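Written out below as structure tokens is the structure these notes cover.
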Amino acid sequence: MQNILKVNNLTKIYDTGRGIRNVSFELQPGTILGVIGLNGAGKSTLISCLTGFLKWDSGNIEYNFSGTTHNKIKPTLLNDLGIVSSDYGFPGHFTAKIISRIMSYTYKNWDAAKFIQTLDHLELDYNLKTSKYSTGMKTKLAIAIALSHNAKILVLDEATRGLDVKASSKVRALLHAFVESGENAIILTSHIMGEIERLSDEIILIEDGDVQLNSNKDDLLHQHQIFTITSKQLDSIERSDIAKIRKEDHAIYIIAKNPKDFYEKYNIESIHSTLERVIELLLEGEAA
């Protein structure tokens, strides 16, 4: 299957020395990619380059739509990108009705009926002025816009910001429906690791501007199982069997280099681990 996006050695370095370095990955249709990392790791820089808001220093971004490869972010390409940013905003006197009219001139494939349908699904008043919007309502509006112009890829930066449990569930359903055909894809970032785990098929972990992990989510969780041990058990474990270790008040947590071999060798079972716990240990744990 041909990828819908290919990023090759993408680099953007600021005067401070921060940014992203040689970021490479491919995105397949029907896939949701979660980009994770600590604040300042480079997530927003990557998203800004992918959406044309930031010019990169070197490397290449290729979007493949309808048999056409685009090697730079042209304005016409934005018709195929549905962008949701935490900075999305409109003048306070605008209503969704006015915004829909503006979007019909902005996007060649604007679907006003779908926009209204999505707003109704998200329980957002079509005639309410944006000055009355909460943070969550602004997020709903941005998502409705992104889903209403026949985009091929959604790029969602903190897409669930300000949403309550009910709204988050509805947004997840919309996003899963978007990729269900196997023709579209999603790239998303979120500080809520539970949302990344529930939504994503693939995971990229960025640390200090570099890609540290690029993996299928299920494979990542399987290959980085967490074991909890005592100090006494640690004395009998060879350090070469440990990838990461973190000592806490009441237990020691480790990620084994080979979970299956570790279990068979030491007869210690792994614990149920969330993506958040695994990433925390990978970022903050110490090398053995």
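The values are calculated or read from the model by the stated rules, or taken from the named source; none is laboratory data. Note that the structure is predicted; figures quoted are calculated from it, not measured. Don't worry about glycine lacking a Cβ; one is built from the backbone with ideal geometry, like all the others, and counts go over all protein chains shown. Surface accessibility is based on the protein's heavy atoms, side chains included, excluding ligands, DNA and RNA. Shrake-Rupley method; radii C 1.70, N 1.55, O 1.52, S 1.80 Å.
The charge dipole of segment 65-168, taken about the Cα centre with unit charges on the Cβ atoms of Lys, Arg (+1) and Asp, Glu (-1), comes to about 260 debye, rounded to the nearest 20.
The separation of segment 185-221 from segment 109-136, counted between C-alpha centres, amounts to 29 Å. Projecting label points 7 angstrom from Cα along Cα→Cβ for Thr11 and Glu62 puts them 2.0 nm apart. Taken over the chain, the convex hull of the Cα atoms encloses 156 Å³ per residue. In the chain, the calculated helix contribution to ellipticity at 222 nm averages -9000 deg cm²/dmol per residue, counting -39,500 (n - 2.57) for every DSSP H run with n ≥ 4. Take every pair of alpha-carbon atoms less than 8 Å apart whose residues are at least six positions apart; their mean separation over the length of segment 153-288 yields a relative contact order of 20 percent. Expressed as a fraction of 2.2 N^0.38 Å, the C-alpha radius of gyration for segment 133-234 is 1.31. Just to check, using Stokes-Einstein with a Kirkwood Rh over alpha carbon pairs, what's the diffusion coefficient of segment 153-204 at 10 °C and 1.306 mPa s in µm²/s? In µm²/s, the coefficient rounds to 140. On the basis of the beta-carbon distance and an R0 of 22 Å, Thr69 and Asn150 show a calculated FRET efficiency of 0.70. Here each label is just a point 7 Å from Cα along the line to Cβ, and for Thr228 and Tyr266 those points are 1.5 nm apart. With both residues required to sit in the chain, DSSP beta bridges show an antiparallel share near 65%. Taking the Cα centre of the chain as origin and assigning +1 to Lys and Arg Cβ atoms and -1 to Asp and Glu Cβ atoms, the resulting dipole is close to 1120 debye. Within the accessible area of the chain, the carbon and sulfur atoms contribute 46%, probe 1.4 Å, all protein chains present.
For Glu264, the solvent-accessible surface with a 1.4 Å probe is about 120 Å², rounded to the nearest 10.
Ordering Phe94, Asn60, Ser148 by Cα displacement along the dipole of the chain toward the positive end leaves Phe94 in first place; charges were set at the Cβ atoms of Lys, Arg (+1) and Asp, Glu (-1). Averaged over its residues, segment 99-220 has an accessible area of 46 Å² per residue, based on protein heavy atoms and a 1.4 Å probe.
Taking the Cα centre of segment 164-288 as origin, sum charge times position over the Cβ atoms of Lys and Arg (+1) and Asp and Glu (-1), and report the length of that vector in debye to the nearest 20. It works out to roughly 300 debye. The spread of Cα positions in segment 134-178, taken along each principal axis and listed from longest to shortest, comes to 27, 17, 15 Å.
Enclosing the Cα atoms of segment 61-173 in their convex hull gives a volume equal to 108 cubic angstrom per residue. Note on segment 168-221: dipole from Cβ charges, positive end direction compared against Thr189, Leu221, Ala173; the farthest Cα belongs to Ala173.
Globularity index of segment 5-139 is 1.22 (Cα radius of gyration / 2.2 N^0.38 Å, N = number of residues).
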